[in-house]
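Right, one structure below, let's go through it.
The values are calculated or read from the model by the stated rules, or taken from the named source; none is laboratory data. No experiment lies behind these values; they were computed from the predicted model shown. Quick reminder, even Gly has a Cβ in these numbers, built from the backbone with ideal geometry, and neighbours come from all protein chains shown. All accessible areas refer to the heavy atoms of the entire protein, side chains included, with ligands and DNA or RNA removed. Shrake-Rupley method; radii C 1.70, N 1.55, O 1.52, S 1.80 Å.
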Amino acid sequence: MERRLRTPPKIKVLEALGAIADGRVAPTSGGFKVRSSTGERTYEVWVDLERGLVCSDDNGTKFRGYVGYPIIAVLMLKGKLPFNEKLAEALKGIPWKKLNEEMKSYSKVMELIYAMLRDKGIDRSEVDEFVNEVISSLKKLKLKKVCPENK
């Protein structure tokens with residue numbers, strides 16, 4: 001069943017950069033595997049960009065109906081979404097899952113991330129500009145969730 005995926009929370013763009021910087025995204029014979037920030041879960045990601053079809057078993061994509069960070073990370077690596085090396089490096093090693101569970105609010109986690117990035121010399125406006133650019137590019141892709149039979 002095809003279902004158009006919604007735009008993700010903005011924090012998912014930063015999580016995707018962190019996953020790439022941490023080396024948690026790896027190609028497989030059928031797609032990609034993306035390890036969670038804690039390392040306890042591995043998400044399987046499949047993309048067919050010619051048809052605008054994607055699949056991932058992360059919670060955001062599977063249960064909440066938005067483009068999850070594993071898909072965003074794969075699309076960045078494939079050159080289909082903007083990537084920012086400086087920002088990615090600054091987001092290395094962040095325990096996203098732990099922060100999201102402890103704070104129970106993406107906006108609170110975002111404020112913490114803004115503060116961490118500010119301490120590394122990256123201004124909030126630079127972060128927002130990049131995230132908005134990725135979200136805009138993502139909207140243009142109009143991705144639909146369709147999982148191959150083996151998912």
Practice problem: Pick out, from Ser136, Leu17, Tyr66, the residue whose Cα sits farthest towards the positive end of the charge dipole of the chain, with +1 on the Cβ of Lys and Arg and -1 on the Cβ of Asp and Glu. | Solution: Tyr66
Quiz prompt | In Hz, Karplus ³J(HN,Hα) per residue of the range 109-124 (6.51, -1.76, 1.60; θ = phi - 60°; x = Gly, Pro) | solution = 5, 4, 4, 5, 5, 4, 5, 4, 5, 4, 5, 9, x, 10, 6, 4
Exercise. Could you check which residue among Gly65, Gly93, Gly30 shows the biggest mean-square fluctuation in a GNM of the chain with a 10 Å Cα cutoff?
Key: Gly30
Exercise. Return the distance in nm (one decimal) between the two label points of a simple spin-label model at Cys147 and Asp128, each offset 7 Å from Cα along Cα→Cβ.
Key: 3.7
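Just the number please: accessible area per residue for the chain, 1.4 Å probe, all protein chains included, in Å².
I get 53 Å² per residue for the chain.
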Practice problem: Taking H placed 1.01 Å from N in the peptide plane, check which residues at least 5 places from Tyr43 or on another chain put their amide H under 5 Å from its amide H. | Solution: Val34, Arg35, Ser36
Practice problem: Mind running the shape call on the range 1-113? Use the C-alpha gyration tensor, a ≥ b ≥ c as the square roots of the eigenvalues: rounded below 1.5 for a/c, prolate if a/b tops b/c, oblate otherwise. | Solution: prolate
Exercise. Take the cross-link list Lys86/Lys108; Lys92/Lys142; Lys62/Lys139; Lys33/Lys108 and give me the ones stretching past 26 Å between alpha-carbons.
Key: Lys92/Lys142; Lys33/Lys108
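Gain in length, Lys98 to Arg6, computed as 0.36 nm per residue apart minus the alpha-carbon separation, to one decimal in nm?
So the chain would gain 30.7 nm between Lys98 and Arg6.
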Exercise. First compute the accessible area of the chain with a 1.4 Å probe, then give the percent of it belonging to carbon and sulfur atoms.
Key: 48
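Rounded to the nearest 0.05, what FRET efficiency do Lys62 and Ser107 give with R0 = 30 Å and r taken as the Cβ-Cβ distance? Could you check? Provide the component values of the computation, followed by the final result.
Details: r = 23 Å, r/R0 = 0.76.
The computed FRET efficiency comes out at 0.85.
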